[in-house]
2 protein chains.
Amino acid sequence: MADRRIMLSEKEMIQSWYNVAADLPKPLAPPLNPGTGEPLTPDALKPIFPMSLIMQEVSTERWIDIPDPIKEVLLSWRPTPLVRAFNLEKALGTPARIYYKNESLSPPGSHKPNTAVAQAYYNKQEGIKRITTETGAGQWGSALAFACNKFDIECMVYMVRVSFEQKPMRKSLMHVWNAEVLPSPTDQTNCGRAFRERFPNTTGSLGMAISEAVEDAATHDDTNYSLGSVLNHVLLHQTVIGLEAKKQFELAGDYPDILIGCAGGGSNFSGFTFPFVPDKLKGKEIRIIATEPEACPTLTKGPFRYDFGDTGKMTPLLKMYTLGHIFVPPGIHAGGLRYHGMAPMVSHLKDLGIIEAMALHQIECFEAGILFAQTEGTIPAPETNHAIRAVVIEALKCKETGEEKCIAFNFSGHGHLDLSAYDKYYEKDLEDYEYPEEKIREALKEVPEIG
Amino acid sequence: MADRRIMLSEKEMIQSWYNVAADLPKPLAPPLNPGTGEPLTPDALKPIFPMSLIMQEVSTERWIDIPDPIKEVLLSWRPTPLVRAFNLEKALGTPARIYYKNESLSPPGSHKPNTAVAQAYYNKQEGIKRITTETGAGQWGSALAFACNKFDIECMVYMVRVSFEQKPMRKSLMHVWNAEVLPSPTDQTNCGRAFRERFPNTTGSLGMAISEAVEDAATHDDTNYSLGSVLNHVLLHQTVIGLEAKKQFELAGDYPDILIGCAGGGSNFSGFTFPFVPDKLKGKEIRIIATEPEACPTLTKGPFRYDFGDTGKMTPLLKMYTLGHIFVPPGIHAGGLRYHGMAPMVSHLKDLGIIEAMALHQIECFEAGILFAQTEGTIPAPETNHAIRAVVIEALKCKETGEEKCIAFNFSGHGHLDLSAYDKYYEKDLEDYEYPEEKIREALKEVPEIG
């Protein structure tokens, strides 16, 4: 029997990120200035991002070299294994071959540090001493804390208050890497104080936390802001995942028929699948599936329009599938998938028919995650369960038809710090939310009439 | 620069366990029947252990083959990497070379499943349908739950009540692998009911939980009991760690001058270091150091005597370093190191001068663990911090003397489910306990006058 794990040596580490913008059949719609409706100039982002990242954001170069100090840090856990899920295949009785790329092996436990390390490095290069960000469940905040600690940058995390209280372990993880973590809204920013006055007992929200982190960065000279998904440069940094996977499939003498990733803002999905897009454009038959919650069905039910990236309307307008920037999704446990929009690049590829989307209920996803933990071993993050459920669906289809398809997915993170969600599953305290049609219709009314 | 991680392929998986009993300069003192004071016959253990494990317990064969179904499960995460800690070396400014064997990569997150899988397999072979055990902090309970789930055996875990309440995530992990977990003392066993009557508001203890698990196994026909450390067969199963490490050092063209492992019952320490003992006996200069808490200094301060393995005096008498079976250590966070005794084999090697011991305070250990997390990435378990602290001490000695020693330690587990202990460190809510001299003197009065 072949090895379960297909490994690459450190010498086979990826040297350049892949930029899918170079291969698009039709260019991406630019971000717009909400005031003028005109395309945003790179300069407009300078108060909060380093110039090198802004240039990556708009680049159409196919390959962008990874600087050595970034590779040096990534080598702490990369290359990650591509694993053949023999035990899962056996449990499903499927003729399909199932593989997963194990991104849970990074110190913070997810794919997030692939971009956090790059962003910390470029900020450091441009003399930045402090980086702010927001975090919901805390995977992104802990990844940025880890990365900033590597490059000796202060890290300030505005953590949604309800998560700050419910997920104390994520906060502890950030402390170990020297980040400061405050429950948002705080009394440290103008908008934070305004939120507190207007909503005295608020649990906080990602929208409020973004506003605080952006205000903090914009009002301090040596401070920048960092985002963990959605933007082009973030997706670019994640392509190490798919580039490694392509090498590993070559070593295994196999090639995927179906690629699957869960998508909240879109970064782990993009990082895993974009490097395969050129093959598809050249005629290779690959299905590329982004999975999302039924409770927040951006790609499957939202319109493709210009909208704000945050609730507070502080960001530029982005052309994307959106449920409306004021839409607040129901409280599913996959906190990383509770976002009203989707990366413009993912949205564009969906619009072009290059990728497809599938919406899933959380209980079926937890069932799939538990099957994974009982066969392959590691407890998946609730977000990752959305990828695994789609794998199970496709593998069972193969069982029916007898097709020996090759199905690969991105194991975006472990669930060691999400075990309370599994408790709720066992206590039958999880509910499936219907598509929140009325709420979305209301939210879409506030999407600007542009583009 | 050399690769950080020295990997073995799955084909290089270890095929036989190494039994140090074959190489002892002087044989191990046998366990005694507490009633008669005579050596225990293997038959006496039959009500609670399968015969194959009892035979391993008393074997003096040097190599014992690992059955294929066990190897098949171990391959889910083995061979584990041997990692060169370049970043830690740099932070310490030491000329020493530091390596660690990463045992945190197993699904339950520690070395414990190396024996749990073997024990579940042998019990299954002998028709056992259900296994009971006790657990303190929960690393052993979750490893046995994982292993029993693999072989379709029911798993019943008696978890010390205070941990059951303070560490709900460990309990959740056990649930995902289908184990039943009860806070001990329960009302399900005679001794549990007796404990509850005598100590109405007790937090429970490992001693009580062992009594419950043993009674449950002894009073049910198809049920056996399983122990996660101390016994010879448990230590045997852990030798895959050191055997892999030896191969990896050969690949790296290096060899350790100092080997370090933390020791509670002694299993991770033994598994990592015993395979190097024959080299030492042949004249190789290796220091082998077991580290333990100052608050529970079994090897450094206890006498080498026959004593009971549990507080309730249900076990045979074992010749070991002991602080007395009624000694209850202070509440340090390294729950896995809070044991009054030590594996007889580890004790024997200490008595023979083959290994040495070092006692450490918990705050210095947390400091070392945080340094590790900030340099190498992964958050260590509080137990593992006791190994890391000793590594730091030895590496700093090398800095002083300029010696380029090779120091290797066993990274026995990650601390993802122990982050609340790190919180306490940052909140300055951890205390160092003095050597509890008076309490130990009292406890030693109850050690039987045998041997």
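The values are calculated or read from the model by the stated rules, or taken from the named source; none is laboratory data. These numbers come from a predicted model, not from an experiment. Backbone-built Cβ (ideal geometry, glycine too); neighbour counts: all protein chains shown. When the accessible area is computed, the model is the full protein with side chains, heavy atoms only, and any ligands, DNA or RNA have been set aside. Shrake-Rupley method; radii C 1.70, N 1.55, O 1.52, S 1.80 Å.
Report yes if some residue within the stretch B:262-276 is on the phi < 0 side of the Ramachandran plot and open to solvent by 30 Å² or more (accessible area, probe 1.4 Å); otherwise report no. No, because not a single residue in the stretch B:262-276 is on the phi < 0 side of the Ramachandran plot and open to solvent by 30 Å² or more (accessible area, probe 1.4 Å).
Yes/no per residue for (1) touching a Gly at 6+ places or on another chain (Cβ under 9 Å); (2) assigned to a helix (DSSP H, G or I):
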site	(1), (2)
A:224	no, no
A:230	yes, no
A:235	yes, yes
A:244	no, yes
A:248	no, yes
A:255	no, no
A:271	yes, yes
A:275	yes, yes
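For the stretch A:254-273, how many residues are more than 19 Å from residue A:391 (Cβ to Cβ) and at pLDDT 95 or above? Going through the stretch A:254-273 one residue at a time, the tally reaches 1. Taken together, A:48, A:66 contain a single residue that is β-branched (Val, Ile, Thr), touching a residue at least 12 places away in the same chain (Cβ under 8 Å), touching a helix residue (DSSP H, G or I) at 6+ places or on another chain (Cβ under 7 Å) and more than 14 Å from chain B (Cβ to nearest Cβ), which is A:48. Apart from one condition, residue B:438 fits all of (1) free of Cβ contacts under 8 Å to residues at least 24 places away in the same chain; (2) open to solvent by less than 20 Å² (accessible area, probe 1.4 Å); the exception is (2).
Counting only strands (runs of 3 or more DSSP E) that fall entirely inside the stretch A:96-191 and contain at least 1 residues that are within 13 Å of chain B (Cβ to nearest Cβ), open to solvent by 10 Å² or more (accessible area, probe 1.4 Å) and among the charged types (D, E, K, R), the qualifying elements are A:180-184. Per the listing A:219, A:223, the residue uniquely over 24 Å from residue A:163 (Cα atoms), open to solvent by less than 40 Å² (accessible area, probe 1.4 Å) and among the polar types (S, T, N, Q) is A:223. Against the definition (within 14 Å of another protein chain (Cβ to nearest Cβ) and closer than 16 Å to residue A:262 by Cβ), how does residue A:367 come out, yes or no? It is true that residue A:367 is within 14 Å of another protein chain (Cβ to nearest Cβ) and closer than 16 Å to residue A:262 by Cβ.
Under the condition of being more than 17 Å from residue A:387 (Cβ to Cβ) and crowded, with 22+ Cβ neighbours inside 10 Å, the residues counted in the stretch A:79-95 number 1.
Within the bounds of the stretch A:26-40, is there any residue that is in a loop (DSSP other than H, G, I, E, B), at negative phi and within 14 Å of chain B (Cβ to nearest Cβ)? Steps first, please.
Keep residues of the stretch A:26-40 that are in a loop (DSSP other than H, G, I, E, B), which gives A:26-31, A:33-38, A:40.
When the remaining residues are screened for being at negative phi, the result is A:26-31, A:33-36, A:38, A:40.
Still in the running and within 14 Å of chain B (Cβ to nearest Cβ): none.
Within the stretch A:26-40, not a single residue is in a loop (DSSP other than H, G, I, E, B), at negative phi and within 14 Å of chain B (Cβ to nearest Cβ).
Residue check: residue B:251 meets all listed conditions (1) out of contact with any strand residue (DSSP E or B) (no Cβ under 6 Å at 6 or more places or on another chain); (2) hydrophobic (A, V, I, L, M, F, W, C); (3) open to solvent by 40 Å² or more (accessible area, probe 1.4 Å) but one, namely (1).
Working only within the stretch A:374-401, note down all residues that are within 14 Å of another protein chain (Cβ to nearest Cβ), small (Gly, Ala, Ser) and touching a Gly at 6+ places or on another chain (Cβ under 8 Å). Matches in the stretch A:374-401: A:381 only. Would you confirm, using the coordinates I've provided, whether residue A:60 is more than 14 Å from chain B (Cβ to nearest Cβ) and at pLDDT 95 or above? Here the answer is yes, as residue A:60 does meet what is asked. Scanning the stretch A:212-244 for residues that are out of contact with any Ser or Thr (no Cβ under 9 Å at 6 or more places or on another chain) and of a type in the set (Gly, Ala, Ser) turns up just one, A:218. Restricting A:388, A:407, A:440 to residues that are among the aliphatic types (A, V, I, L, M) and out of contact with any strand residue (DSSP E or B) (no Cβ under 9 Å at 6 or more places or on another chain) narrows the list to A:440. Filter the stretch B:40-71 down to the residues that are more than 23 Å from the chain's Cα centre (by Cα) and open to solvent by 70 Å² or more (accessible area, probe 1.4 Å) and list them by number. Correct list: B:41, B:43, B:46, B:47, B:68. The criterion of being open to solvent by 10 Å² or more (accessible area, probe 1.4 Å) and either out of contact with any strand residue (DSSP E or B) (no Cβ under 8 Å at 6 or more places or on another chain) or hydrophobic (A, V, I, L, M, F, W, C) (or both) holds for residue B:358. In the stretch B:402-417, the residue that is farthest from residue B:268 (Cα to Cα) out of those that are more than 14 Å from every other protein chain (Cβ to nearest Cβ) and either open to solvent by 10 Å² or more (accessible area, probe 1.4 Å) or in a helix (DSSP H, G or I) (or both) is B:402.
Among residues of the stretch A:278-317 being assigned to a loop (DSSP other than H, G, I, E, B) and touching a Ser or Thr at 6+ places or on another chain (Cβ under 8 Å), the one that is most open to solvent (accessible area, probe 1.4 Å) is A:314. Regarding residue B:334, is this residue of a type in the set (A, V, I, L, M, F, W, C), buried (at least 23 other Cβ atoms within 10 Å of the Cβ), within 15 Å of the chain's Cα centre (by Cα) and at pLDDT 95 or above? Considered against the rule, which asks whether it is of a type in the set (A, V, I, L, M, F, W, C), buried (at least 23 other Cβ atoms within 10 Å of the Cβ), within 15 Å of the chain's Cα centre (by Cα) and at pLDDT 95 or above, residue B:334 comes out as no. Within the stretch A:1-24, residues that are more than 14 Å from residue A:235 (Cβ to Cβ) and within 14 Å of another protein chain (Cβ to nearest Cβ) reach partners that are assigned to a loop (DSSP other than H, G, I, E, B) and of a type in the set (Asp, Glu) with beta carbons closer than 6 Å, at six or more positions or on different chains, in the pairs A:10/B:3. With respect to the conditions (1) touching a residue at least 60 places away in the same chain (Cβ under 8 Å); (2) crowded, with 24+ Cβ neighbours inside 10 Å; (3) within 14 Å of residue B:349 (Cβ to Cβ), residue B:321 lacks only one, and its number is (1).
Residue by residue, here is whether (1) over 24 Å from residue B:269 (Cβ atoms); (2) at pLDDT 95 or above; (3) of a type in the set (Asp, Glu) holds:
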residue: B:98; (1), (2), (3): no, yes, no
residue: B:101; (1), (2), (3): no, yes, no
residue: B:113; (1), (2), (3): no, yes, no
residue: B:121; (1), (2), (3): no, yes, no
residue: B:127; (1), (2), (3): yes, yes, no
residue: B:143; (1), (2), (3): no, yes, no
residue: B:149; (1), (2), (3): yes, yes, no
residue: B:154; (1), (2), (3): yes, yes, yes
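Per this entry, residue A:336 is not counted among residues that are farther than 17 Å from residue A:28 by Cα and in a loop (DSSP other than H, G, I, E, B).
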